[in-house]
1. Among the candidates Leu41, Leu75, single out the residue that is within 22 Å of Thr116 (Cβ to Cβ), modelled with pLDDT under 80 and open to solvent by less than 40 Å² (accessible area, probe 1.4 Å).
2. Considering only residues that are under 21 Å from Asp42 (Cα atoms), surrounded by fewer than 16 Cβ atoms within 10 Å (Cβ to Cβ) and hydroxyl-bearing (Ser, Thr, Tyr), which ones fall in the range 78-117?
3. Would you say Pro173 is over 19 Å from Pro64 (Cα atoms) and either hydrophobic (A, V, I, L, M, F, W, C) or surrounded by 15 or more Cβ atoms within 10 Å (Cβ to Cβ) (or both)?
4. Is it the case that some residue within the range 218-230 is open to solvent by 70 Å² or more (accessible area, probe 1.4 Å) and closer than 24 Å to Gln159 by Cβ?
5. Quick one: Thr131 ticks every box in (1) within 21 Å of Cys210 (Cα to Cα); (2) open to solvent by less than 70 Å² (accessible area, probe 1.4 Å); (3) at pLDDT below 70 bar one, so which box is it?
Amino acid sequence: MSVPHQDISPRGAPPAATVKPFQIRGRYFTAVALRPENGPLDQAFYAALDAQLRWNPHFFDGAPLILDLAQAPGLSRPAELRALTDCLRSRGLAVFGVQNATPEQISAAEDAGLITIASGKDAPLNMEGSTRPGPRREIPKKLRPPENRLITQPVRSGQTVVAEGGDLVVVGPVSSGAELIARGSIHVYGRLRGRAMAGAEGDETARIFCNSLDAELLAVAGLYRTNENLEPELLNRPVQVFLQNERLCVEALG
């Protein structure tokens, strides 16, 4: 997009080149949703949160945080939401918005400097797997050929690698705090310790493969599990991750 500007070139001089001072680009990112239960956010709430942060600190590194208010309709006073936002930010959590909010909560969130976003796809986490809320999403046919991406070096903490058009192949380890995102499947020929999200545009046939599982988060087409929900016998083993009967399955290979 060009921005109009006044032409101050000397008379007779060739016109100045049009300057484009910015670009608008799409970006993939992972947002963690915190869903408080209805009731007062007392010391027990913050103690449980602090325990979770101590147990799994890298999971929240650099991840934007959304307050999911679906189970907390009573959390609607501006002062209470401001206090919660301040407490989360003081713990290094980058809270920026709310979802599943009532009109009163939307007003209180705006007062606290938070934005309201449309609800994304998520699922409860449990040892049996994740279930999908709502109707099954139909995947449109892709007319363009896949554009796979190959990475032949380690993916370090803080890096995000995206394969927007197809599969992502990483020949090497993926560090804690790193992030892999692919429209298709993800293949890691090494130790997977960061976050891996396959089927980013809703492809439920996508899979994740790795030589050694120690991931912080695994997701296929929006259904996810964190490392606290992975069976211990699957850790440090070759695995594949896939959707089956509306559940996210993690299965050992070999």
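The values are calculated or read from the model by the stated rules, or taken from the named source; none is laboratory data. As the structure is a computational prediction, the values presented were derived from the model and not from experiment. Methodologically, a virtual Cβ is constructed for each residue, glycine included, from the backbone with ideal geometry; neighbour enumeration extends over all protein chains shown. Ligands, DNA and RNA are excluded from the accessible area calculation, which covers all protein heavy atoms including side chains. Shrake-Rupley method; radii C 1.70, N 1.55, O 1.52, S 1.80 Å.
1. Values: Leu75 fails: modelled with pLDDT under 80.
Selected residue: Leu41, the only one of Leu41, Leu75 that is within 22 Å of Thr116 (Cβ to Cβ), modelled with pLDDT under 80 and open to solvent by less than 40 Å² (accessible area, probe 1.4 Å).
2. Answer for the range 78-117, where residues must be under 21 Å from Asp42 (Cα atoms), surrounded by fewer than 16 Cβ atoms within 10 Å (Cβ to Cβ) and hydroxyl-bearing (Ser, Thr, Tyr): just Ser90.
3. Working: over 19 Å from Pro64 (Cα atoms): yes; either hydrophobic (A, V, I, L, M, F, W, C) or surrounded by 15 or more Cβ atoms within 10 Å (Cβ to Cβ) (or both): yes.
Spelling it out, Pro173 is indeed over 19 Å from Pro64 (Cα atoms) and either hydrophobic (A, V, I, L, M, F, W, C) or surrounded by 15 or more Cβ atoms within 10 Å (Cβ to Cβ) (or both).
4. So the first thing to find is which residues in the range 218-230 are open to solvent by 70 Å² or more (accessible area, probe 1.4 Å), and the list is 228.
From the residues that got through so far, the ones that are closer than 24 Å to Gln159 by Cβ too are 228.
The answer is yes; a qualifying residue exists.
5. Going through (1) within 21 Å of Cys210 (Cα to Cα); (2) open to solvent by less than 70 Å² (accessible area, probe 1.4 Å); (3) at pLDDT below 70 one by one, Thr131 breaks only (1).
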